[in-house]
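The values are calculated or read from the model by the stated rules, or taken from the named source; none is laboratory data. Just so we're clear, the structure is a prediction, and the values are computed from it rather than from any experiment. Ideal geometry is used to build each Cβ from the backbone, glycine not excepted, and the neighbour counts take in all protein chains shown. When the accessible area is computed, the model is the full protein with side chains, heavy atoms only, and any ligands, DNA or RNA have been set aside. Shrake-Rupley method; radii C 1.70, N 1.55, O 1.52, S 1.80 Å.
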Amino acid sequence: MQLLTEIILLPLIGAVTITVFKGLMPKKLPGIWASSLVGISFLLSIAADVHLTHLGVHHRFVTGTLWTWISGFGPAIGARLYLDPLAGIWLLVITGIGMLIHIYSIGYMHDDPGKARYFSYLNFFIFSMLLLVLAGNLIVLLIGWALVGLASYFLIGFWYHRPSAVRAAKKAFVMNTVGDVGILLGLALLYLHYHTVGYPHLFRILSAAHPGSAFFEWTAFLLYVGAMAKSAQFPLHMWLADAMEGPTPVSALIHAATMVTAGVYLMARLYPLLRLAPNVHYLVGAIGAFTAIFAASIAIFQRDIKRVLAYSTLSQLGYMFLAIGVGGFAAGVFHFMTHAFFKALLFLAAGSVIHALGGEQDINHMGGLFKKMPWTMAAFLAGTLAISGIPPFSGYYSKEAILGQVFNSGHTLLWGVGVLTAGMTAFYMFRLFFITFLGAPRDQALYDHAHEAPRVMTIPVVILAVLAVVGGFFRGWLNRWLAPTFALYPGASHAGLESGPLFGTILTVGLAMIAIILAYWMYVKKGVAPNAGSAHGLGRQAFEAWNLDTVWAWLAVIPFKTLGDWIRPVENGILAFVNGVASVVWLWAADLRPLQTGYVRRYALSIMVGLGALLAFYLIRA
Amino acid sequence: MSLFHGLLPEYIIVGFILISLLGNMLSRKYHVASWLSLIGMLSAFVASSHLWSFVLKPHMFLGGGAVIDNYSLFVNLLVLLAGLGTILLGWDERRWGTEFPVLVMLAVLGMMILGLAGNVITLFLGIEMLSLPLYILAASTHTASGGEAGLKYLLLGAFSSGILLFGLALLYGAMGSLAFVNFAKTVATPTSPLLWAGVVLSLVGILFKLGIVPFHMWVPDVYEGSPTAVTQFMAFGTKVGAAAILLRFMDFGFYATPGWWGPALGYLAVLTMIVGNLLALPQKDLKRLLAYSGIGHAGFLLIGVATHNLQGARALLFYLLPYGLAVLGAFAVLSLVAGDRDQVSVSDLTGLAKKRPLMAAFFIVVMLSFAGIPLTGGFVGKFYLLQAALFANQPGLAIGLVLGTVLGLGAYLRPIQALLNNQDSDSTAPKPKWTLGGAVVVVVAVVGTIGLGVYPTPIVHMVNQSANFFWLH
């Protein structure tokens, strides 16, 4: 089946072999082994995508059933894989960026005693993510979906001796479970209604349906809840910032480039369903826009280098959902791709900084690092320019594509939010850049020990920097590549990339420029302290992420806890009842326990009683 | 296909029984008979698999007395698995004597005969052939409890055999025929009291072997007193044989009148599921716990007969395998933990997860399969049974199954809790030792259990081919 099986299996082989043989492997082997397997997987992915281009425009997909998984109850469900141009993009990003991050990790995790475990988790994640993306029906997708959540849980809690890491892992897992339940329910609704979960069949049926019924709205909404949790959309977003407890390459791979975009993938994949649920479709865009500006407002006041990046990831995910919400599917996918480049880059560069400073993540202790780490500084700058949407960096093209489509489709309010967010993005990202790399060192001791990262870490960073710079030029190619996918079924008539009005571009870029100058003026010229403004008032609220954790605690955690406390006596009652029954039974059983031949009579009597009862039963019925 | 070809697995077993006896006479080496029986049962296993594709259409021999079809072959495979497990688990038990493997093979032969029985003579032959060696095996440890287990089993077994034989005689009187094929033709309208009495009495005899409440009382005592390997054999092999003959006897012999005999079995199934699993809850002795769980599982199996439809037959046949694998795994761990002793209580497992993590993990897998947790074979099996009950429009059975499962879960979680408990662990107690035979059995059981849970389709396919005996009519 056109290499799909091999692509998926290689990382799984890596995870299994490393887990089983880690005791026997030399210290450096797990990293190299894991990276090369993902590398081979990447090469095979390219081959698979090249194969796609040879297919006719209307049959541009590869599909096949590995085996019939379950038959006998209802329609048979197969372990089915499916590759089309949409999945192809994800495939390349997952394996390509995954490989770079594997290589980077060899350097980053060099001194960690648990690095074999780390690489087995990382390979396991790649396997799960590939399963999610290459799934040929919603059941296989759900399995992949749950497995990436599990891998993310393992990796966030990788340093399990840190209580905060364990707590963060738990939080991420619980919030993701909310989403998993949503998907499961949505899937169940679709299955009950149509008796099928395979994409082509399902989409063909959906294409014939008429939009607007409550069934479609509910199904789409439940599936969107799943996407919301995985992609950290408001209000299920808090786990992502805490997930930064994991090692930095993990944040780059899972919590920036790939896993958190699974929601975008799901929504883009289900575009025939979104057509039937216009309200949910609009909701996707509105929540996306809100998440974008909301997360940007938090990012401005953060002091932890990784948290700034985490909130910026949230904000950029908001952009992607905004694109999906206005029907600009290709723009969303485009932004996913460029975002994967520059955000992975930013995280890896930040990781180099953290590595150089011996684990320090607070920007209050940074500054002036450009002299010590020129390569990292240049790469970080490229990423910052890209995310800020400065032409001709990649982020400019994808953000413009999104905003153009939002404007063209007449969502003026959402467009305004998007433009404003672009300005805020430029401000907080350059704030981070200036504080970290320019100005005077804030912590001389740390500064003196800082050093450029080893080659194995800088090379992936530089490759990503090149991609972040030139990624926008894939625009036309990407548009042609995705066109057949979104033309297969109705519901994506405006999926292709469009350009917006000229004044919009000028406004966005102008705002970003002003924001950069403002940041320069504040943090380099004036030397404003990094933590300025976050002491009280709105700044404090923003710094504390608008206290959404407290709100959630009030809304969900405390009520459930109260309910639990209230139910505990009931539960104890049930337990006491069951124990009572058990002890009565126990007494009776204990009574019968002595092994005396005399009791055989009683056993025989029981048989006779049963016989009599059966005879009586038949006599009465006759 | 000739009769000789069709009965090849049985002939192989008979041959190896004789060779093993000779080997015991000629050689003083202890393991000769064990090796011979291992080879014999493996060849019978291969022969049964080899015959599989030849009998997609059932073949009848001896005037309907022996039916060779995929059903009988499936039963062969299952009971041979049980027999192989018994030999491996009992490999080093010198005190049981050199006759141990021979007796196991004899009992296996009886179970195989039950699988192919097509008339009441072969039925009775199979039941007795299965029981007589087991009476001896149950008493093969020369301890008080072992002797009592054997004696009890013998007395009650003889009692129930008497009832069964009486019932079969009445049936012959009512029908004028011995073969199941002719039963269905005769019983268009079941009005004769002779017939009722005959059916009820023979049912009681078979249900006794299966361990259905209220004919179950012997089960815990006999299981507790017998050596662990033999208990495993009874829990797996005997259940397979009894369930196979019950299904063939009722669903095939009386297939035209299911409304007449079905409901009673349904009530018994619900009663058994609930009582068996409930009584499993307070047990402290692990073998007794598994005995009651076996009773509960017999209730689950009875659902497949009580639904009297094709789905039920398939579900029952399928469920035998995950149940049997879980029995194999559980008793293998039990015998490893017990070492030289015959008694294992729940508290003996304390701290096993720390001492032998792999052993504990395997034990947890088979316990979860008993409980019917997803990704184990037990879940898939229960799912099919539930589906069969619902397809047959018998929600009572479905509710009973769910209730029984919930109660059972409580029982199975207790050993798991014990083995994960590190606080009360006696660190001076010796670690359980792995033996080669035990390890092989456990690994096969666990791989099979998870395999069935993840990818049941091949076995489902086999089961669908096996449950085709309905078409004989």
query: Put +1 on the Cβ of every Lys and Arg and -1 on every Asp and Glu Cβ in the range A:1-147; which of A:F124, A:G96, A:Q2 then has its Cα farthest towards the positive end of the dipole?
result: A:F124
- prompt: Given +1 on the Cβ of Lys and Arg, -1 on the Cβ of Asp and Glu, and no further charges, what dipole in debye does the range A:265-362 carry about its Cα centre, rounded to the nearest 20?
  reply: 260 debye
Proximal aspartates and glutamates to B:K152, defined as alpha-carbon separation beneath 20 angstrom and excluding residues fewer than eight positions away on the same chain: A:D591, B:E128, B:D221, B:E224, B:D285, B:D342
- prompt: Taking the Cα-to-Cβ direction at A:W521 and at B:W434 and moving 7 Å from each Cα, how far apart do the two end points lie in nm?
  reply: 7.2 nm
query: Counting pairs on different chains as well as pairs 8 or more places apart, how many Lys pairs in the range B:261-473 have Cα atoms under 22 Å apart?
result: 10
field: Partner lysines for A:K561 [C-alpha distance under 23 Å; skip if fewer than 8 residues away on the same chain]
entry: A:K170, A:K171
task: Mind checking the range A:1-69 for trypsin sites (Lys or Arg not before Pro) that DSSP puts in a loop (not H, G, I, E or B) and that have at most 12 other Cβ atoms within 10 Å?
output: A:K27, A:K28
field: Cα centroid separation - the range B:331-403 against the range B:38-72, whole Å
entry: 30 Å
message: Given Cβ point charges of +1 (Lys, Arg) and -1 (Asp, Glu) and nothing else, what value in debye, to the nearest 20, does the dipole of the protein assembly as shown about its Cα centre take?
response: 680 debye
- prompt: Near B:K57, which lysines are there with a Cα under 27 Å away, not counting those fewer than 8 places off in the same chain?
  reply: B:K185, B:K239
query: Given DSSP loops and a limit of at most 14 other Cβ atoms within 10 Å, what is the longest stretch of chain B that contains no such trypsin sites (Lys or Arg not before Pro)?
result: B:30-283
query: Lys/Arg Cβ at +1, Asp/Glu Cβ at -1, dipole of the protein assembly as shown taken about the Cα centre: which of A:A292, B:L170, B:T141 is farthest positive-ward?
result: A:A292
- request: Mind checking which of A:L345, A:G389, A:G198 is farthest towards the positive end of chain A's charge dipole, using Cβ charges of +1 (Lys, Arg) and -1 (Asp, Glu) about the Cα centre?
  value: A:G198
task: For the A and B pair, go ahead and give the buried accessible area with a 1.4 Å probe, both sides summed, in Å² to 100.
output: 3600 Å²
- prompt: Of chain B, which part is the longest with no chymotrypsin sites (Phe, Trp or Tyr not before Pro) in a loop (DSSP not H, G, I, E, B) and with at most 14 other C-beta atoms within 10 angstrom?
  reply: B:31-433
- prompt: Considering only the other residues whose Cβ falls under 9 Å of the Cβ of A:G389, what net charge follows from Lys and Arg at +1 and Asp and Glu at -1?
  reply: 0
message: Taking the Cα centre as origin and putting +1 on Lys and Arg beta-carbons and -1 on Asp and Glu beta-carbons, what dipole magnitude results for chain A, to the nearest 20 debye?
response: 540 debye
query: Tell me, how many Å apart are the Cα centres for the range A:237-286 and for the range A:511-562?
result: 23 Å
